[in-house]
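Structure, as structure tokens:
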Ligand code: AQP
């Protein structure tokens, strides 16, 4: 039996994009043959941002479909939805009692959201990393494959685990973060910020059809002018990042050589990249289309995943309640 346990999550907060795929989901798929894996659609995280309750159940099933289409296998991995395992929120409360507020206020994601809308920022946004720690620790997760933006939250998870262990005795591992080479894919419209579901125009959907792929690549920002020393600008670097994943090595190398020589034509690079993306994403798009047309099958998958996840989380909570001195009747 492996000592390692993999846990990761994704919010049903919009269209799953190639940033989510290359930064996280691709890694999840690769890990499912090596370790016990728990992959969770984190719906209670998503309600900390504005969302539409009427369409939310569909958004959750959509996230399940996209992940399965991308290669997660419900037979090999435990794929489930956060709200269906209430032990996550119970553990979140317990862990909040060992988490310093100052640490939560230091989180970049919180500071960014508080800066934009300080008067309406809710306590859920502040407490988000505690729920994230609870998600991972409920399964005693040791490996957490995520994008770079989650690194700080993972550091806090480790600290929360340490504080709990110091107060109540060894209980939780300190989970390690796992990155892919594409740990941070930048926005196609503004390469200074990361590609995000909540920023229309910034992303390429993982399920995009050929015309949408071609359009997204065509409008991707490249250079605004020559760069000192012929350096690669962030927008061009993003195109090469995609080329490295989706194009044959010799194609990527040919364009790299052209860039070094200063005679790279962006129109050619974009046309070639779009073609490779169309081919590479086709199986995911087709599988997604099949899955999303069968919501009952998706619901069954979620039920199956919940039945596997919940006993593990319940056992952790029983141990936690005992350690913190909760009355047993
Ligand atoms: N641009 C990115 N590059 C690499 N990895 C990324 N991830 C997100 N964006 C990129 C990783 O995808 C996983 C799931 O992300 P999430 O759903 O938890 O939310 P997020 O990090 O906040 O992603 P988004 O797309 O930016 O969503 P919104 O706009 O709703 O906030 C995580 O492992 C994340 O690191």
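Only the coordinates and a few stated rules stand behind these numbers; no lab work does. All of these numbers come straight from a predicted model, not from anything done at the bench. For neighbour counting, all protein chains shown are included, and Cβ atoms are generated from backbone atoms with ideal geometry for every residue, glycine included.
Applying the criterion of being in a loop (DSSP other than H, G, I, E, B) and more than 9 Å from the ligand (Cβ to nearest atom) to the residues of the range 1-19, the residue that is farthest from residue 134 (Cα to Cα) is 1. The single residue among 245, 193 that is under 30 Å from residue 59 (Cα atoms), free of Cβ contacts under 8 Å to residues at least 24 places away in the same chain and either within 16 Å of the ligand (Cβ to nearest atom) or surrounded by fewer than 21 Cβ atoms within 10 Å (Cβ to Cβ) (or both) turns out to be 193.
Looking only at the range 262-278, count every residue that is touching a residue at least 24 places away in the same chain (Cβ under 8 Å) and within 27 Å of residue 62 (Cα to Cα) and tell me the total. So the answer is 5. The set of residues in the range 67-111 that are surrounded by fewer than 19 Cβ atoms within 10 Å (Cβ to Cβ), within 17 Å of residue 129 (Cα to Cα) and within 16 Å of the ligand (Cβ to nearest atom) comprises 83, 108, 109, 111.
Take the conditions more than 11 Å from the ligand (Cβ to nearest atom) and either over 18 Å from residue 9 (Cβ atoms) or in contact (Cβ under 8 Å) with a residue 24 or more places away in the chain (or both) and apply them to residue 170. Does it pass? Here the answer is yes, as residue 170 does meet what is asked.
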